[in-house]
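The values are calculated or read from the model by the stated rules, or taken from the named source; none is laboratory data. Everything numeric here is computed off the predicted structure, so don't read it as measured data. So basically every Cβ, Gly included, is an ideal-geometry build from the backbone, and we count neighbours across all protein chains shown. Each accessible area value is taken on the protein alone, full model and side chains, heavy atoms only, with ligands, DNA and RNA left out. Shrake-Rupley method; radii C 1.70, N 1.55, O 1.52, S 1.80 Å.
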Amino acid sequence: MPNCPECTSREKKKIQAKYEAETPEEDRGRDDLYKLFDEIEIPMKMDSATKHFICKRCGLYATREQVSDIRYKLNQKEKTRDDKHDDYLDWWQKSKKEKAES
Ligand SMILES: [Zn+2]
């Protein structure tokens, strides 16, 4: 079952904040952080009648396609979170543009 993208994203922020609080800047490594991210397990439940995934934690209800779409958008948002124009539409437009160019 896929992890809930919404809960995973929230969990990542918590882990990153904790990691940055506990690890001096010179000891930090992206790989260490990614290893911690890999340990996140928030599997969704499958509703076989509707073929939708349900998150028991946040109530997200989505098809497999929507789950990957949300995960993709949240990943894009993470990457652009320092961007001053970081609102939903902006980064979504931008990610579409990047996709078209690459
Ligand atoms: Zn969730």
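So which residues in region 42-56 are exposed (fewer than 13 other Cβ atoms within 10 Å of the Cβ) and either in contact with a helix residue (DSSP H, G or I) (Cβ under 9 Å, 6 or more places away or on another chain) or among the small types (Gly, Ala, Ser) (or both)?
Ser48, Ala49, Lys51
Where residues in region 1-42 are of a type outside the set (Lys, Arg), within 16 Å of the ligand (Cβ to nearest atom) and assigned to a helix (DSSP H, G or I), which of them is nearest to Glu78 (Cα to Cα)?
Ser9
Report, by residue number, each residue of region 57-78 that is among the hydrophobic types (A, V, I, L, M, F, W, C), within 11 Å of the ligand (Cβ to nearest atom) and either in contact (Cβ under 8 Å) with a residue 24 or more places away in the chain or open to solvent by 90 Å² or more (accessible area, probe 1.4 Å) (or both).
The answer is Cys58, Leu60, Val67, Ile70.
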